[in-house]
Amino acid sequence: MNYDKIDKKARKILQENDRGLYTVPTKGLYPYQWNWDSAFAAWGFSTHDPRRAWAEIETLFTGQWDNGMVPHIVFHKQAIGYFPGPDIWNVERVPHTSGITQPPIAATMARAVYEADKHYGRVHMELMYGRLVSWHRWFVKYRLHEGMVVITHPWESGRDNAVDWDAALANVDGSNVGEYHRRDIDHVDPAMRPKKEDYDRYLALVQFNRDCGYDEDHIRDHGPFRVADVGMTFLFLRACRDLLHIAVELDHGVDEIEGWIKTLKQGVERHWNPERGHYDSVDVRTGAFTNSLSSASFLCWFAGIKDDRMLAHYDRIVGQVGFGIPSNDPKDPHFNHLRYWRGPVWGMVNALIGIGLAETGHTVHAERLRKQTQKLIAEHGFWEYFSPLDGAPAGGPQFTWTAAIWLTWASPHAKGRF
Ligand code: GLC
């Protein structure tokens, strides 16, 4: 295998998806700047172009709202072929944005970019610090429930149609959303995307949030969907730890961030589903666990939780499939190896799990996961996601975050860690 060639190809994908100061996840299917995709892109750029890495993060934050929220999409310029676009979200600011957020990994990736070149990065880190803090404050003010991070729309999780949301989504009435034309299935086989009944409900939630003017207090009290997402809690805890590290480095106060970390650690305990014996999401409206063992449950190590209880699940699952941790437990009756977040394996989730494993001392597991992801991408290409059964490519091709994690983690030439 010619890994130099594959490294080159990964850099080329970042270049081709580069729109100047931000990167699209992939051409066609996703023509705007997505929040956590961009954070991964910045990490990818940090391997060879620190200037461009910082530009990626700084451009993302041009979409930051006055209340601190960083939206899941920034619509820098109108693109045809995407739905729901800026007209549907109807957010009155420039650049236009969506009205919901996404996994807050920007602090983590900003730290990685900074560590890659501290001398150059110092002034950028200083600039970003306050903006990162205000996004984290927004989460703490509006989105913590018993120390767990709550989402008000499945798209906020980054795992759009995961099994975790099924029961809570059943509470959402999607029958009045009117006619619309989905664009995602113009680009990708419908069997690899969420179903129509899910999409109706996603739109109903967009309309609910929009029609109350994105009033978080109103959404908390009356919104039909409110789930504490185990993935969000782990990623936010990790991001708070990285922010704390940055605060120390830049000589800022640490008490507030330390308080958040303490609260989030309590939230992590609340996420433990004792009956099923794994970390799980919680439907805040009913208090019930979602009973879903997804790839997000394995982000515990990335959050710095030294917990060996998840290892037995890990070993069972990777013993069954060959390419890392699939987005849903293969023994779950809803498992579907090609349908998006209901079974496929995603390279960037493998990367986060692998880094977490390495950092918590599970080095053999970590290295095996890295090798498996390396083989997957080297043999099948830089796809959005893959079948965990045979590695068959799925979703969109030439994907930014798959290229990014190749350069930072999966390639034999990558440093493999932060
Ligand atoms: C899908 C994914 C989400 C990602 C976006 C752009 O909506 O579920 O995680 O950010 O595509 O790649």
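The values are calculated or read from the model by the stated rules, or taken from the named source; none is laboratory data. Bear in mind the structure is a predicted one, so any value in this text is a computation, not a measurement. Here Cβ is always computed from backbone atoms with ideal geometry, including for glycine, and neighbour counts include all displayed protein chains. Keep in mind that these areas ignore ligands, DNA and RNA; they rest on the heavy atoms of the full protein, side chains included. Shrake-Rupley method; radii C 1.70, N 1.55, O 1.52, S 1.80 Å.
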Which listed residue is surrounded by fewer than 19 Cβ atoms within 10 Å (Cβ to Cβ), more than 22 Å from the chain's Cα centre (by Cα) and away from the ligand (no atom under 16 Å from the Cβ), from 252, 245: 252
Options 401, 383: the member that is closer than 26 Å to residue 110 by Cα, within 13 Å of the ligand (Cβ to nearest atom) and without any contact (Cβ under 8 Å) to a residue 40 or more places away in the chain: 383
Qualifying residue in the range 23-44 (condition: away from the ligand (no atom under 14 Å from the Cβ), assigned to a helix (DSSP H, G or I) and free of Cβ contacts under 8 Å to residues at least 12 places away in the same chain): no
Flag if residue 140 is hydrophobic (A, V, I, L, M, F, W, C), more than 16 Å from the ligand (Cβ to nearest atom), farther than 25 Å from residue 25 by Cα and not in a helix (DSSP H, G or I): no
Residue 154, sole failed condition from (1) closer than 18 Å to residue 37 by Cα; (2) surrounded by fewer than 21 Cβ atoms within 10 Å (Cβ to Cβ): (2)
All positions within the range 291-311 that are within 19 Å of residue 328 (Cβ to Cβ) and either within 14 Å of the chain's Cα centre (by Cα) or open to solvent by 30 Å² or more (accessible area, probe 1.4 Å) (or both): 291, 294, 295, 296, 297, 298, 299, 302
Leading residue by the ranking (farthest from residue 85 (Cα to Cα)) among those in the range 45-72 that are crowded, with 24+ Cβ neighbours inside 10 Å, away from the ligand (no atom under 16 Å from the Cβ) and among the small types (Gly, Ala, Ser): 46
Per-region count, the range 12-37, residues within 21 Å of the chain's Cα centre (by Cα) and within 23 Å of residue 380 (Cα to Cα): 13
Hits in the range 144-190 - residues which are in contact with a strand residue (DSSP E or B) (Cβ under 7 Å, 6 or more places away or on another chain), of a type in the set (Val, Ile, Thr) and part of a loop (DSSP other than H, G, I, E, B): none
Residue match in the range 183-198 (condition: more than 21 Å from the chain's Cα centre (by Cα) and more than 18 Å from residue 82 (Cα to Cα)): yes
Output for the range 329-349, where each listed residue is over 18 Å from residue 191 (Cβ atoms) and within 15 Å of the ligand (Cβ to nearest atom): 347, 348, 349
Of the criteria (1) free of Cβ contacts under 8 Å to residues at least 40 places away in the same chain; (2) under 19 Å from the mean Cα position of the chain (by Cα), which one residue 353 fails: (1)
